[in-house]
């Protein structure tokens, strides 16, 4: 998939560039007038898939995802670079099952799972407001791509599998959040402009290191 290849290259190049910032001190204090650094985050997504694309692949038009990201921030520009990944869990309508034999020779009848692994990158400003600048609003543009998307037997190297042809794409992000001590908690909405995903709602928790 072209979007997956582009995102994979962008992700690798950005991680290489990140080495240049390894010596930059971190500071998550929003009251500091000059702070730069990296933060880690974890999130849970509710993703809506284009209904026609979902029907063609025999999955429901919504999925759950869990993931994480690294974010480089700077008070000098208010712009942030986010590099992340998602594990998607489709609601499958075309499960299959087969007998599998484990390492000890035991045989079991196992059903398939429908999952995907996505990489994404986002860039845009993060505006702080409110009392002591403890609230914030984010506006970003992003791109995502699937490294794999399939219906398969988990933890089986030679079992039958099927590709689920769902692509990521370009999207926009709007978010609002609150700083609570050393953590940021935010709610984000993503609207896709290309690909097979429609939109998603993300609950995100992040902290500096």
task = Give, in nm to one decimal, the length gained when the segment between residue 191 and residue 117 is fully stretched (0.36 nm per residue of separation minus the Cα-Cα distance).
result = 24.7 nm
ask   = What nm value, rounded to one decimal, do you get for the distance between residue 128 and residue 170 when each label is placed 7 Å out toward the C-beta?
value = 3.2
key: Modelled label reach - residue 51, point 7 Å along Cα→Cβ, region 185-209 residues with backbone N closer than 16 Å   = 197-199
ask   = Per the Kirkwood definition applied to all pairs of different Cα atoms, how many angstroms is the hydrodynamic radius of region 131-209?
value = 15.2
Cβ-derived FRET efficiency at R0 22 Å, residue 87 paired with residue 36, nearest 0.05 = 0.15
task = May I ask you to compute the full-extension gain from residue 147 to residue 182, defined as 0.36 nm times their residue separation minus their alpha-carbon distance, rounded to one decimal in nm?
result = 9.3 nm
remark   = Length gained if residue 108 through residue 61 is fully extended, taking 0.36 nm per residue and subtracting the Cα-Cα distance, is 13.9 nm
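Read-outs: derived from the displayed coordinates by stated rules, not from any lab. Owing to the predicted nature of the structure, the values given are computational and were not obtained by experimental measurement. Heads up, the Cβs are rebuilt from the backbone with ideal geometry, glycines too, and the neighbour counts pull from every protein chain shown.
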